[in-house]
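One structure below.
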Amino acid sequence: MSINKNIRNLTKSKKSYSIDEIVEGILKRNITILSLAITLVESSRPEDKQLAHKIIDSCLPYSGNSKRIGITGVPGVGKSTFIESFGKYLIEEKGKKVAVLAVDPSSNKNKGSILGDKTRMETLSNLKNAFIRPSPSMGSLGGVSKATRETIILCEAAGFDTILIETVGVGQSEVEVKSMVDFFLLLMLAGAGDELQGIKRGIMEMADLLVINKAEGDNLKKARLARTEYKNALHLFPPSVSGWIPKAETCSALEEHNIDLVYNITLQYFDHVQNNGYLVKQRKSQALDWYKKALESEIVDRFMRNEKNQLKSKELEELVKAGKKSPFSAVDELLEGY
């Protein structure tokens with residue numbers, strides 16, 4: 001309840017800031033203003049979106065200097081615990097400034113979210129150089145919020161050099177996270193009976209590092225066996241476009257074991273893709289993908305904002321539900337008058 005109240009207060013106060021003041025606040029890493037800007041980019045109100053677009057344009061020259069790391073895994077794999085341990089290590093041991101964009105699943109009924117990642121990462125959220133922003137997925141495909149790309153830009157402009165993006169969980173639509181990060185980390189569990197037959201090939205092919213979490217106590221032996229099996233499985237996949245050879249390792253986020261190993265592997269990856277020019281090429285491709293998705297979203301949004309189109313769409317929806325018209329012919333009819 002307090003989280004929602006704070007967001008409402010920030011939204012109400014946006015009129016007291018000019019665009020220049022908001023951008024200046026972001027560049028000075030004023031967390032209150034940064035949070036306000038993110039609330040604006042998440043808003044669906046046309047006036048907020050226009051303001052947000054101007055802020056993003058102003059922040060673009062100051063972005064692009066972070067390492068963007070996507071972290072995904074099945075529910076219960078320990079994503080939040082891992083991110084807290086990894087974030088603490090980056091800040092306390094390596095002097096990094098870490099922003100965590102944690103996406104919470106939204107209800108299909110009311111689009112509401114629990115937004116509980118700040119409470120699950122209590123230690124990390126209290127560190128000076130950490131910023132945790134839970135955002136609702138709002139039904140967005142890809143396990144990420146619709147405003148995740150914009151939020152990355154804002155956090156980079158605020159001086160955060162490491163952006164960790166926690167996705168909703170592994171699924172067929174989860175692949176979108178790959179289109180906005182540099183490094184893709186897949187967390188897995190051992191002893192769940194799915195070491196090989198349960199592997200989702202699409203997710204595995206995208207992973208730059210596969211980490212078997214909860215490698216502690218009685219589960220350590222199973223985790224090591226799973227690592228061997230995953231390493232063998234990775235060799236069956238075709239070489240990655242980046243030329244990087246994906247790795248499989250174990251860790252215990254709870255005991256903070258092998259967190260340094262995970263960090264060192266990310267360093268090896270970034271050295272590799274910076275030296276061969278892949279990182280620059282990938283960022284350009286991601287910017288183009290961002291443009292295309294923004295175009296698609298805006299076309300649909302503006303089209304459905306028209307009252308005549310709304311009424312016609314509702315009429316066609318009833319015909320589709322009644323089985324009197326196929327979805328394809330309904331769409332054709334809707335677009336004919338546009």
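The values are calculated or read from the model by the stated rules, or taken from the named source; none is laboratory data. For clarity, every value in this text was computed on a predicted model and none was experimentally measured. Cβ atoms come from the backbone with ideal geometry, glycine included; neighbour counts cover every protein chain shown.
Could you check, for region 249-257, whether at least one of its residues is at pLDDT 85 or above and closer than 30 Å to Trp290 by Cα?
The answer is no, given that none of the residues of region 249-257 is at pLDDT 85 or above and closer than 30 Å to Trp290 by Cα.
Can you tell me which residue is modelled with the highest pLDDT among those in region 73-110 that are of a type in the set (S, T, N, Q) and under 15 Å from the mean Cα position of the chain (by Cα)?
Ser80
Out of the residues in region 19-51 that are polar (S, T, N, Q) and under 16 Å from Leu154 (Cα atoms), which is modelled with the lowest pLDDT?
Ranking the candidates gives Ser43 first.
Quick one: how many residues across region 312-337 are assigned to a helix (DSSP H, G or I) and either surrounded by 10 or more Cβ atoms within 10 Å (Cβ to Cβ) or of a type in the set (S, T, N, Q) (or both)?
16
Return the residues of region 66-94 that are basic (Lys, Arg) and not in a strand (DSSP E or B); say none if nothing qualifies.
Answer for region 66-94, where residues must be basic (Lys, Arg) and not in a strand (DSSP E or B): Lys79, Lys88, Lys94.
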